[in-house]
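See structure below.
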Amino acid sequence: MASSRGSSKGTRTRASAKAGRRPERAELPQGREPEPRVRPLAARSASELRSLLWSLFLALAFWCLAIIFYVSLQRDPNRVLYAAMAALLALLWTVNFSFRLSRRRQR
């Protein structure tokens, strides 16, 4: 019968994957903390700018959606409800954008 163990190729792959990773907290000697991951300043700035632009885009999209719901759904009795829900989401994303913008200006 064949053995239920994996091939040596799979074992080598797992061993090389373990060699490249950082040690976990349980694997470190007593009293040592793992090194924190520090992202480069350029990557951090790019991700902050990306999140700022996404929040701006979503705020504008929901404001437009609220206006479109209110204006274009003339015969629907729930048009005010739909427009109010879109406006609430737009307000939340607008607040999110303003917080991100103020935090970016402080730096």
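Pairs are defined by a Cβ separation below 6 Å, a sequence spacing of at least 6 or placement on different chains, a first member in the stretch 84-107 that is free of Cβ contacts under 8 Å to residues at least 60 places away in the same chain, and a second member that is of a type in the set (Ser, Thr, Tyr) and assigned to a helix (DSSP H, G or I); the pairs so defined are Trp93/Ser55; Asn96/Ser55; Phe97/Ser55; Arg100/Ser55. Looking across Arg37, Arg25, one residue alone is modelled with pLDDT of 70 or more, surrounded by fewer than 10 Cβ atoms within 10 Å (Cβ to Cβ) and on the phi < 0 side of the Ramachandran plot. It is Arg37. Among the candidates Gln74, Gln106, the residue that is over 19 Å from the mean Cα position of the chain (by Cα), within 30 Å of Ser45 (Cα to Cα) and of a type outside the set (A, V, I, L, M, F, W, C) is uniquely Gln106.
On inspection, Arg104 fails the criterion of being part of a helix (DSSP H, G or I), surrounded by 14 or more Cβ atoms within 10 Å (Cβ to Cβ) and either basic (Lys, Arg) or in contact with an Asp or Glu (Cβ under 8 Å, 6 or more places away or on another chain) (or both).
Within the stretch 65-101, the set of residues being of a type in the set (Lys, Arg) and either in a loop (DSSP other than H, G, I, E, B) or at pLDDT 95 or above (or both) comprises just one member, Arg75.
The values are calculated or read from the model by the stated rules, or taken from the named source; none is laboratory data. The structure displayed is predicted, hence computed values, not measured ones. With ideal geometry, Cβ positions are generated from the backbone for all residues, glycine too; neighbour counts draw on all protein chains shown.
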